[in-house]
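Engineer: Okay, here's the structure, questions in a sec.
The values are calculated or read from the model by the stated rules, or taken from the named source; none is laboratory data. What you see is a predicted model; the values in this text were computed from it and never measured. Don't worry about glycine lacking a Cβ; one is built from the backbone with ideal geometry, like all the others, and counts go over all protein chains shown. These area figures cover heavy atoms from the full protein model, side chains too; ligands, DNA and RNA do not enter into them. Shrake-Rupley method; radii C 1.70, N 1.55, O 1.52, S 1.80 Å.
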Amino acid sequence: MTGSAPLMPVEDALRRILGSAQRVDGVEMVTLRKAAGRTLASDLSALRTQPPVPVSAMDGYAVRAADVEKAPVRLALIGESAAGRGFGGEVGAGEAVRIFTGAPVPAGADCVLIQEDADPSGDTVLALHRVHSGLHIRAAGQDFRRGETLLRAGRRLGASDIALAAAMNYPVVPCARRPRVAILATGDELVAPGLEPGPDRIVASNGFALSAIVESAGGESLDLGIAPDDVDALQASFRRALAQGADLLVTLGGASVGDRDLVLRALTGRGMALDFWRIAMRPGKPLMHGRLGAMQVLGLSGNPVSAIVCGLLFVRPLVRALSGDPNAGADPSEPAALAASLPANDGRQEYMRGRLTRSGAALPEAMPGARQDSSMLKALSEADCLIIRPPHAPAASAGTACRIIRLQAFDA
């Protein structure tokens, strides 16, 4: 593929990347305390009914609706039912049992008189208002029943999912093995953080961002460090990625067309089957995708903003797809309105850094950043959204409809 080949549209690139992804092999039994962000490997059906018996939804008195039909009426107090310590007897005519939220409703009672509508006195209680059958009672199985499938394979487990699994009586859950993602920064100019870079070198930062993206997507990041601009050194790093069982290799830098952009040459020399290279996108034009043996490869630009934006738009969904998430390619964008005018766009889809402004408008308003240089990390850190400008979009005035991606959406 040459530098003069037509640029691939962003949507086609993502479709091809995800289309080549197969869920990684391996299932791990993970304790609930470690399951956050993991992908469920198989369906989970409830091992119990919740609640197992009818329970009270309020503090008050378990009574028979027929006995309070003509309230106010005085009832005999015959006991108490608390959560974890129910009343063992039965409520008969003219009787009531003191009951607390979550406690089992005793036999014979069919409703709960809330304590605000009652006036207790000694071993009796005055029901001040009538209540109908079933009031303030949570029926057995109101939440779920034993055998009901509640969590499906491919779901990425969040806090509420983990709570549900616990309530279903699972101490551990089957999760897909985390995809192993090897991350390789390239370039003679790079030094690790904490070292003195000198006037002709810079501190490597992209690898840390990509590692965070991978981990937040449910993958396991493998740091291959920094490789110099040397084909042999690059290929040695590729061998290390394969030896470590990486499912995906992400390279950072060296993916463009300069004399010292050697990553593509080193990969193809090692035997990578190239799928595509260069897409119609800004920032991130030199995106590369291929396969080296069983390992997928994504080559990203070395410009920090390009690397991070491509990491969010391509690496993250690929990691999710490798985890078995059926919704890995879901569109994360939403409608908004421009807060400032923009000139016409060229043939590349642009992802502009911006901030959402507070307004009373129906749609959020997105203000593009004044500087869109792909080397500027500070501007990206200050942004809270990406403003999407389609290829060949005409000039747009403030208030024009647009689409945005909230950067916080990638943390979910």
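Engineer: Of the conditions (1) within 30 Å of Ala294 (Cβ to Cβ); (2) open to solvent by 40 Å² or more (accessible area, probe 1.4 Å); (3) assigned to a strand (DSSP E or B), Ala185 clears all except one; give me its number.
Structural biologist: (2)
Engineer: Just for region 266-307: of the residues that are open to solvent by 30 Å² or more (accessible area, probe 1.4 Å) and among the hydrophobic types (A, V, I, L, M, F, W, C), which one is modelled with the lowest pLDDT?
Structural biologist: Selected residue: Ala294.
Engineer: For region 233-253, does any single residue satisfy the condition of being within 20 Å of Asp275 (Cβ to Cβ) and modelled with pLDDT under 95?
Structural biologist: Filtering region 233-253 down to residues within 20 Å of Asp275 (Cβ to Cβ) leaves 234-235, 238, 241-242, 246-253.
Next, from what is left, pick out any that are modelled with pLDDT under 95: 253.
Yes, the conditions are met somewhere in region 233-253.
Engineer: Let me confirm something: among Leu75, Leu126, which residue is over 49 Å from the mean Cα position of the chain (by Cα) and buried (at least 20 other Cβ atoms within 10 Å of the Cβ)?
Structural biologist: Criteria check complete, one pass: Leu75.
Engineer: Assuming Pro283 fulfils every condition listed in (1) in contact (Cβ under 8 Å) with a residue 24 or more places away in the chain; (2) touching a strand residue (DSSP E or B) at 6+ places or on another chain (Cβ under 6 Å); (3) not hydrophobic (A, V, I, L, M, F, W, C) apart from one, which condition is it?
Structural biologist: Unmet for Pro283, out of (1) in contact (Cβ under 8 Å) with a residue 24 or more places away in the chain; (2) touching a strand residue (DSSP E or B) at 6+ places or on another chain (Cβ under 6 Å); (3) not hydrophobic (A, V, I, L, M, F, W, C): (2).
Engineer: Out of all the residues in region 168-182, which are aliphatic (A, V, I, L, M) and open to solvent by 30 Å² or more (accessible area, probe 1.4 Å)?
Structural biologist: Val172
Engineer: Suppose the filter is within 22 Å of the chain's Cα centre (by Cα) and more than 19 Å from Ala393 (Cα to Cα); does Leu377 pass it?
Structural biologist: no
Engineer: Right, next: Taking region 93-109, which residues are within 19 Å of Ser133 (Cβ to Cβ), touching a residue at least 24 places away in the same chain (Cβ under 8 Å) and surrounded by fewer than 20 Cβ atoms within 10 Å (Cβ to Cβ)?
Structural biologist: Scanning region 93-109 gives Ala93, Gly94, Gly108.
Engineer: Collect the residues in region 209-265 that are among the charged types (D, E, K, R) and crowded, with 23+ Cβ neighbours inside 10 Å, keeping them in residue-number order.
Structural biologist: Residue satisfying the conditions is Asp247 alone.
Engineer: On the given criteria, is Arg74 touching a residue at least 12 places away in the same chain (Cβ under 8 Å) and within 30 Å of Gly218 (Cα to Cα)?
Structural biologist: Taking the combined requirement at face value, the residue does not satisfy it.
Engineer: Being at pLDDT 95 or above and open to solvent by 60 Å² or more (accessible area, probe 1.4 Å) is the filter here, so list the residues in region 188-207 that pass it.
Structural biologist: If the condition is that a residue be at pLDDT 95 or above and open to solvent by 60 Å² or more (accessible area, probe 1.4 Å), then no residue fits.
Engineer: Enumerate the pairs (first residue in region 300-317 and over 13 Å from Met281 (Cβ atoms) and charged (D, E, K, R); second residue anywhere and open to solvent by 10 Å² or more (accessible area, probe 1.4 Å) and part of a loop (DSSP other than H, G, I, E, B)) with beta-carbon separation below 9 Å, excluding pairs fewer than 6 apart on the same chain, so at least 6 apart or on different chains.
Structural biologist: Arg316/Ala328
Engineer: Mind listing just one residue for me: the one in region 53-72 that is among the charged types (D, E, K, R) and surrounded by 15 or more Cβ atoms within 10 Å (Cβ to Cβ) and, of those, nearest to Thr101 (Cα to Cα)?
Structural biologist: Applying the filter and picking the extreme gives Asp59.
Engineer: Tell me the strands (runs of 3 or more DSSP E) entirely within region 334-412 that contain at least 2 residues that are open to solvent by 20 Å² or more (accessible area, probe 1.4 Å) and within 30 Å of Arg38 (Cβ to Cβ). Give the derivation first.
Structural biologist: On the way: elements: 334-338, 349-357, 365-368, 385-389, 401-406.
Hits in region 334-412: none.
Engineer: Taking Gly154 as the residue in question, decide whether it is in contact (Cβ under 8 Å) with a residue 40 or more places away in the chain and outside any helix (DSSP H, G or I).
Structural biologist: The answer is yes for Gly154.
Engineer: Moving on. How about region 221-332: which strands (runs of 3 or more DSSP E) wholly inside it have at least 2 residues that are in contact with a helix residue (DSSP H, G or I) (Cβ under 7 Å, 6 or more places away or on another chain) and of a type in the set (Val, Ile, Thr)? Walk me through it before giving the result.
Structural biologist: On the way: elements: 248-252, 273-277, 288-292, 295-300.
Once the strands (runs of 3 or more DSSP E) in region 221-332 are filtered for at least 2 residues that are in contact with a helix residue (DSSP H, G or I) (Cβ under 7 Å, 6 or more places away or on another chain) and of a type in the set (Val, Ile, Thr), what remains is 248-252.
Engineer: Return the pair list, or none, for Cβ contacts closer than 7 Å from residues in region 29-55 that are under 19 Å from Gly134 (Cα atoms) to residues that are in a helix (DSSP H, G or I) and open to solvent by less than 70 Å² (accessible area, probe 1.4 Å), at least 6 apart or on different chains.
Structural biologist: Gln50/Ala167
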